[in-house]
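> The structure that follows is given in the form of structure tokens.
Each reported figure results from applying straightforward, stated rules to the coordinates on display, with no laboratory input. Everything numeric in this text was worked out from a predicted model, so none of it was measured. Here the Cβ positions follow ideal geometry from the backbone for every residue, glycine too, while neighbour counts run over all protein chains shown.
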Amino acid sequence: MADLSTLLAKEASNEIEAILSEANERAAQITAAARSEAEAIVAERERRAKAQREASLVRARSGAQLEAAAVRLRAQHEGVRSVFEEVRRQLDALVADQGRYPGVFEKLLDEALAAASDGVAAVEVAPADVELARQALARKGVSAEVRPADDVKGGVRVRTVRKSAVENTLYDRLAAMEGELAAEVSKVLFGAKAE
């Protein structure tokens, strides 16, 4: 009986060792699977974090580029605007220059008279230019009423017999050409990339 008891104990011990060995092997498999899953989760989170970081960098770079473009456009606009303000100051100086302005005025008057093909009823000029207009019309042999007009500066407005008007002033010419000239001024100020 002692042998049977020893045999049973030995057999039970072998069975326990086999169960423990199988349990250890299963635990190792579960641990390896958990470790692999954890590594996959960490790798996925790192990949997402990297993608988010790259997307944030792209957004920040795009935002910076847009802001830089806006600053550049504001600078170009301000530069072009200041050039046209300077041109207006130069026109003001020309209109005030009694040595140069009468010749320019007479050319503006000639062009307006030529465009008024249906007869001249009146010539409207800035109040300071009334006498200048009278003298120029007399030299040309044109008899028309000369009227002061506060809204005419740096040129003339010719009223025709048919009640139409031909306006020819330095300031109107500048305003008419400003859109066309703005691109050229911007190109001169800021180079070819200003477009």
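> Suppose every K and R has +1 on its Cβ and every D and E has -1 on its Cβ; what is the size of the dipole of segment 58-106 about the Cα centre, in Debye to the nearest 20?
Details: 8 positive and 7 negative charges, 98 e Å.
Rounded to the nearest 20 debye, it is 460 debye.
> Near K163, within a Cβ-to-Cβ distance under 15 Å, what is the net charge of the other residues, with Lys and Arg +1 and Asp and Glu -1?
Working: positive: R147, R157, R159, R162; negative: D118, E124, E145, E167.
Charge balance in the 15 Å sphere: 0.
> May I ask for the percentage of alpha-carbon pairs in segment 97-175 that lie more than 21 Å from each other? Intermediate values should be presented prior to the final figure.
Working: 473 of 3081 pairs.
Counting pairs separated by more than 21 Å, the tail of P(r) holds 15 percent.
> Go through (1) -0.33, -0.72, -1.05; (2) -0.24, -0.66, -1.17; (3) -0.57, -0.88, -1.09 and flag the label whose value is the computed log10 I(q)/I(0) by the Debye sum over Cα atoms at q = 0.08, 0.13, 0.17 Å⁻¹ for this structure.
Derived directly from the coordinates: (3).
> With charges set only on the Cβ (+1 for Lys and Arg, -1 for Asp and Glu), what does the dipole of the chain come to about its Cα centre, in debye to the nearest 20?
Numbers: 29 positive and 33 negative charges, 219 e Å.
The dipole of the chain has a size of about 1060 debye.
> Can you give the relative contact order of segment 97-175 as a percent, counting alpha carbon pairs under 8 Å and 6+ residues apart? Don't skip to the answer; put the middle values down first.
Details: 127 pairs, mean separation 28.6, N = 79.
It rounds to 36 percent for segment 97-175.
> Give me the distance between the Cα centres of segment 4-68 and segment 126-195, rounded to whole Å.
84
> Relative to the longest principal axis of the chain, what angle (0 to 90°, nearest 10) does the C-alpha long axis of helix 130-140 take?
Tilt relative to the chain: about 60 degrees.
> Which one of A144, A116, S56 is farthest out on the positive end of the charge dipole of segment 15-165, using unit charges on Cβ (Lys, Arg +1; Asp, Glu -1) and the Cα centre as origin?
Farthest towards the positive pole: A144.
> A further question follows. With everything on Cα atoms, drop me the angle between helix 2-96 and the longest principal axis of the chain, reported from 0 to 90° to the nearest 10.
Helix 2-96 and the main axis of the chain meet at about 10 degrees.
> Antiparallel as a % of all DSSP beta bridges within segment 97-175, to the nearest 5?
Working: 9 of 13 bridges.
DSSP beta bridges in segment 97-175 are roughly 70 percent antiparallel.
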